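Undergrad: To start, I am sharing the structure in question, which I have written as structure tokens.
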Amino acid sequence: MPLFMDLHKAGDYEEKPTVEEIKRSHIADLAVQHKYGVKFLQYWINEDAGLVFCLMEGPDKESCAAVHREAHGNMPCNVIELQGGDYRAFMEAESNKVNEFDIVETADGLLDTGYRIILAIDIISAVEDHLYETISGALKKTSGRSVNRPGTRDTIVFNSALPAIEFALQLVNNIAQLKDPSTEIRVGISAGEPVTEQPGFFGESIQLANRLCDIAGNNQVVISPLVKQLAGEIALQAFKSQNSLKVLNAEEEKFLQQLSEAIHGMIAEPAFNIDVLSKQLGLSKSQLYRKIISLTGRPANNFIRELRLQKAYKLMRNKYGNVSEVAFAM
């Protein structure tokens with residue numbers, strides 16, 4: 001049967017449910033699940049954020065929601081269907097365990113919150129295949145897992161922030177030591193939950209990781225404010241001396257989201273330029289120039305040109321067409 005995962009938000013209830021109440025709701029689900037052909041498997045609790053994620057097998061989304069409706073009436077905000085490979089790469093970890101109430105815990109007995117750290121890695125090189133083999137080899141020495149997404153940037157998943165940052169910085173340093181001017185590497189690291197009120201499994205986190213990768217310079221790792229929070233300010237101090245690490249604040253992330261939506265929505269338009277972009281964002285050209293330089297370290301026109309070239313490179317790498325066809329698509 002298909003796999004599904006849903007999201008419950010404590011903020012939707014008059015009083016934030018306790019872990020004990022969540023356990024009782026799960027037991028009630030198990031008592032009626034057979035009526036709808038559903039089997040609840042396990043779930044994740046993030047107490048601080050007030051989020052619960054249930055994993056189940058069932059014939060369809062409606063049947064999964066119907067179990068909750070009859071069992072206790074606490075309805076999910078969203079239910080999504082999963083691909084088995086994606087679920088295993090993102091959610092399973094050798095160190096995790098499931099307790100007697102089907103709650104996923106970490107190796108030390110703490111609740112697994114469901115948060116995952118997402119890395120988007122972009123490599124441009126004449127020996128790209130060899131370098132991706134280097135990533136795979138390095139990954140075997142860590143707790144990270146590769147998500148197979150053909151035709152896109154390499155996507156890596158970690159359960160916690162510090163190992164993800166350490167892996168990314170080590171990878172960038174290793175490739176920088178090759179001193180090959182034809183090879184470039186950029187990494188964006190985000191964090192988030194498996195299901196939100198938006199479509200897609202880790203959809204928002206994957207999108208943000210790619211946007212962070214877009215603004216990264218060569219041999220640079222850019223991390224989101226949530227990754228910084230999860231890593232911890234004190235622990236991050238160990239990386240402060242590394243020029244290859246850039247940490248965004250909340251205001252910068254918000255501007256990045258607005259900038260990316262505007263650029264990617266218009267980048268294929270022949271008339272698209274910095275004037276059009278400034279009007280779209282409601283900023284003067286001088287304000288936009290300052291913000292983009294602060295965010296990316298590059299002048300606005302150079303940054304947009306790089307995004308165009310990256311898009312063209314991806315189209316050609318994915319065998320979209322020949323040079324003329326790619327140029328027309330741009």
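The values are calculated or read from the model by the stated rules, or taken from the named source; none is laboratory data. Note that the structure is a prediction, hence the values are computed from the model and not measured. So basically every Cβ, Gly included, is an ideal-geometry build from the backbone, and we count neighbours across all protein chains shown. Note: accessible area is taken over every heavy atom of the protein model, side chains too, but ligands, DNA and RNA are not part of it. Shrake-Rupley method; radii C 1.70, N 1.55, O 1.52, S 1.80 Å.
Undergrad: Inside the range 286-309, can you point out the residues that are over 24 Å from the mean Cα position of the chain (by Cα) and either closer than 21 Å to Ile124 by Cβ or of a type outside the set (Lys, Arg) (or both)?
TA: Passing the criteria: Ser286, Gln287, Leu288, Tyr289, Ile293, Arg298, Pro299, Ala300, Asn301, Asn302, Arg305.
Undergrad: Could we say that Cys54 is assigned to a helix (DSSP H, G or I) and open to solvent by less than 40 Å² (accessible area, probe 1.4 Å) here?
TA: no
Undergrad: A follow-up question, please. Can you tell me which of (1) part of a helix (DSSP H, G or I); (2) within 23 Å of the chain's Cα centre (by Cα); (3) surrounded by fewer than 17 Cβ atoms within 10 Å (Cβ to Cβ) is the one Glu70 doesn't meet?
TA: Status for Glu70: all satisfied but (2).
Undergrad: For the list (1) among the small types (Gly, Ala, Ser); (2) open to solvent by 30 Å² or more (accessible area, probe 1.4 Å); (3) under 25 Å from Ile123 (Cβ atoms), I need the number of the one condition that Ser260 fails.
TA: (2)
Undergrad: Also, I was wondering about something else. Consider Val276 carefully, then state whether it is on the phi < 0 side of the Ramachandran plot, at pLDDT 80 or above and touching a strand residue (DSSP E or B) at 6+ places or on another chain (Cβ under 6 Å).
TA: no
Undergrad: Now for a separate question. Look at the range 98-155 and say how many of its residues are of a type outside the set (A, V, I, L, M) and either over 30 Å from Ala28 (Cα atoms) or at pLDDT below 85 (or both).
TA: So the count comes out to 25.
Undergrad: Residues in the range 74-89: is at least one open to solvent by 70 Å² or more (accessible area, probe 1.4 Å), farther than 18 Å from Gln198 by Cα and not in a helix (DSSP H, G or I)?
TA: no
Table: residues versus (1) surrounded by 14 or more Cβ atoms within 10 Å (Cβ to Cβ); (2) assigned to a helix (DSSP H, G or I).
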residue: His26; (1), (2): yes, yes
residue: Phe40; (1), (2): yes, no
residue: Trp44; (1), (2): yes, no
residue: Asp48; (1), (2): no, no
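Undergrad: Determine which member of the set Ala250, Ala238 is loosely packed, with under 13 Cβ neighbours inside 10 Å, of a type outside the set (Lys, Arg) and in contact with a Pro (Cβ under 6 Å, 6 or more places away or on another chain).
TA: Ala250
Undergrad: Out of the residues in the range 90-104 that are part of a strand (DSSP E or B) and open to solvent by 30 Å² or more (accessible area, probe 1.4 Å), state the one that is nearest to Ile22 (Cα to Cα).
TA: Filtering the range 90-104 for residues that are part of a strand (DSSP E or B) and open to solvent by 30 Å² or more (accessible area, probe 1.4 Å), the one nearest to Ile22 (Cα to Cα) comes out as Val98.
Undergrad: Right, next: Taking Ala312 as the residue in question, decide whether it is open to solvent by 70 Å² or more (accessible area, probe 1.4 Å) and at pLDDT below 90.
TA: Answer is no for this residue.
Undergrad: Out of the range 105-126, which residues are among the hydrophobic types (A, V, I, L, M, F, W, C) and open to solvent by 30 Å² or more (accessible area, probe 1.4 Å)?
TA: Ala107, Leu110, Leu111, Ile124, Ala126
Undergrad: Under 8 Å between Cβ atoms, at least 6 apart or on separate chains: pull out the pairs that start in the range 181-208 with a residue that is more than 21 Å from Leu230 (Cβ to Cβ) and end on any residue that is of a type outside the set (A, V, I, L, M) and part of a helix (DSSP H, G or I).
TA: That search, which allows pairs on different chains as well, returns Arg186/Cys213.
Undergrad: What do you reckon, is Leu236 modelled with pLDDT under 90 and closer than 21 Å to Val172 by Cβ?
TA: For Leu236, the condition - modelled with pLDDT under 90 and closer than 21 Å to Val172 by Cβ - is met.
Undergrad: Sticking with this one: Given (1) of a type outside the set (S, T, N, Q); (2) in contact with a strand residue (DSSP E or B) (Cβ under 8 Å, 6 or more places away or on another chain); (3) more than 20 Å from Ile267 (Cβ to Cβ); (4) open to solvent by 20 Å² or more (accessible area, probe 1.4 Å), where does Ala191 come up short, assuming only one miss?
TA: Answer for Ala191: the failing condition is (4).
Undergrad: Separate question: Filter the range 158-173 for residues that are in contact with a Leu (Cβ under 8 Å, 6 or more places away or on another chain) and surrounded by fewer than 22 Cβ atoms within 10 Å (Cβ to Cβ); which is nearest to Gly192 (Cα to Cα)?
TA: Checking each candidate, the answer is Ser160.
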